[in-house]
Ligand code: PMV
């Protein structure tokens, strides 16, 4: 076993020979301060810390059960996937970290309540829910911190999807990644709102994994990113603790735009934002000159997410009528 996390799983799995049916839910999360760039590609160890807000009922429901056919099966949103497809391969490779050569055929069934691979972080909730479901199926009894470390290997941002509310993923210093995991900020903000302004619900052209590597390898602007991102993360955490939206909003938007600037400067350039995304930003910036207090953040896809407080919701919806508003601290229904 190559590293501490894999060694930990193999010890936890030592006596396990079978799976039992288990189900889990994990919320999607939006980074207010982004993770962009890895210091270790195999372990998904980040160059900088990041901080997110979870999206409550929007996320992934995943069921793991022994496969009656004796073959691994992967279903996404009700459809059987070709075992060789990208999604199934990633899910099964992840399950292999647990099985480590043991003959335990699995049926993995995942349902997203958010569009898959449209920059709405379905990989984060997907790998977090899969980690929870696998841990329950193998009866490992692990803590959220332990599961966060494991899920990070499937998708970095999944380390932040084990909690509702604000979650900080500290980059850690250890070469084996043991100190790189998410933890919840013990702080709520009932009035905070996130709106998803849809641009395109289709699959994005380049995965965040490939986009990140390409940017780190070729963008002359990347050198300035890790220190700036670390400073942004600390600033954003303080703004949350002080419940200071006038400090929070502008820094969230600046952080996202700086990340996209590193990509645009990559060679060849990488642009997840489309003309429609830029039009939304222009309209937002115009509305801000007229007093609107809402700010934007964008990930590895064209959709724009807005952050604002409840008092601005009416105005946001008047400008962006197709926006879906999320109340991250509302009472959760099925999410659990
Ligand atoms: O977890 P990944 O490998 O899909 O990377 C996520 C990268 C961003 O969404 C762009 C930023 C973030 O912190 O979520």
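FYI, it's all coordinate maths here, none of it is from the lab. Fair warning: this is a prediction, and the values are worked out from it, not measured in the lab. A quick note on method: Cβ atoms are made from the backbone with ideal geometry, for glycine too, and the neighbour counts reach across all protein chains shown.
Things worth noting here:
- If you run the Gaussian network model on the chain, springs between alpha carbon atoms under 10 Å, then out of 305, 102, 132 the most flexible one is 102.
- Label zone of residue 230 (point 7 Å out along Cα→Cβ, amide N under 18 Å): in the stretch 175-215 this covers 175-182.
- Sequence ranges 50-58, 140-148, 34-42, ranked by mean other-Cβ count within 10 angstrom, highest first: 50-58, 34-42, 140-148
- Neighbour counts of other Cβ atoms within 10 Å put 252, 167, 216 in the fewest-to-most order 216, 167, 252.
- Percentage, to the nearest whole number, of Cα pairs in the chain over 26 Å apart: 46
- Taking Cα atoms only, the orientation of helix 144-154 departs from the longest principal axis of the chain by about 90 degrees.
- Cα-based helix-to-principal-axis angle, 275-289 vs the chain, degrees rounded to 10: 50
- Three-way shape call for the stretch 93-201 based on the alpha-carbon gyration tensor, with the a/c threshold at 1.5: oblate
- P(r) tail fraction, the stretch 222-288 - alpha-carbon pairs more than 15 Å apart, %: 61
- Fluctuation leader among 291, 301, 59 - the chain, Gaussian network, Cα springs under 10 angstrom: 291
- Extents of the stretch 249-320, taken as max minus min of Cα coordinates on every principal axis and listed largest first, are 42, 22, 19 Å.
- Tensor-based shape of the stretch 200-325 (alpha-carbon gyration tensor, a/c under 1.5 rounded, otherwise prolate or oblate): oblate
- Where only DSSP H runs of four or more residues are counted, the chain gives -11500 deg cm²/dmol as its mean residue ellipticity at 222 nm, each run worth -39500 (n - 2.57).
- Where N is the number of residues in the stretch 161-258, Cα Rg divided by 2.2 N^0.38 Å: 1.26
- Rounded to the nearest 10 degrees, the angle from helix 245-264 to the longest Cα principal axis of the chain is 70 degrees.
- Rg(Cα)/(2.2 N^0.38 Å) for the stretch 1-118, N = residue count: 1.19
- Stokes-Einstein diffusion coefficient of the stretch 41-83, Kirkwood radius over Cα pairs, 4 °C, 1.567 mPa s, in µm²/s: 90
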